[in-house]
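Below is one structure; the comments refer to it alone.
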Amino acid sequence: MLLFRPTPFLILSALAIPACASASGIRVAYLQSDSGSYSTNTLTDLLTGDSRFDLPNSATFNGPFDFSYILANYDVVLASANYSPYFNGDQLADYIDAGGKVVSATFVGQHNIGGRFENEGGYDPLAGNDIHAYASVSLGVYNASHPIMQGVSALSSSQYNGDYTAVASGATLVASWNNGKPLVAVNAAKNVVGVTLFPDVSYFGHASGDYRPLFANSLSYAVNPVPEPASIAALGLGVAALVGKRRKKA
């Protein structure tokens, strides 16, 4: 895994072509908007042993960010923020419009990056930016059948969580904290997953339980949004009905 401090970001070209997952797996670009060295082990902590990911060719970036380079070389962005996000909502929306996939994590909400990502519908699945991200919480109500929640049944956090208070219009709530704040939500296009937990758990130790599969599943889902079991069953019924109609006509 590599640590980059790249040159300032470039405006995405309308001709930018998103990269596809490599044969070795999903390549993750972790945008940790800070100069802290603690973020260098985060992807190793979250993704080691998960065959869905190409960990050696994933990387941590400590902004400013060249989104065109990231789009061409990585399959999904894990976007976080500590002191300064080094990106704004228009830049993140441009990246998504060009085919980029995003998992947005704490403290993106607390920094209120604005722009189209937060102020136009369809991008950010979360709403109600909240600066109070320091509560002690645990996993509350969640959709156990959703792919993001597979292997996630226990989670707690002492701080660095819950920097949104609501789900955006058109988005789907997947899980909540036990204080009612959203934990995971997915936008309607299923190319942005919002997770209200700071990913650098290996350094700060602010979470325990199944935070690794939570982030890994979120990253995988953003790249390959497989249907939930209920949706698959409904699709099967629809196909069966269509076949029945064709047989009657025959």
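What is the sum of charges around Gln91, taking Lys and Arg as +1, Asp and Glu as -1, for the other residues whose C-beta is under 13 Å from the C-beta of Gln91? Mind showing how you got there, number by number?
On the way: positive: Arg116; negative: Asp66, Asp90, Asp94, Asp97, Glu118.
Charge balance near Gln91 sits at -4.
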Using the Cβ atoms and a cut-off under 15 Å, what net charge is assigned to the surroundings of His132, where Lys and Arg are +1 and Asp and Glu are -1? -1
Lys and Arg at +1, Asp and Glu at -1: neighbours of Val192 with Cβ under 10 Å from its Cβ sum to +1
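Values in this text are rule-based calculations from the coordinates and carry no lab data. Keep in mind that what you see is a predicted model, and the values were worked out from it rather than measured. Neighbour counts are summed over all protein chains in view; Cβ atoms, including those assigned to glycine, are modelled from backbone coordinates with ideal geometry.
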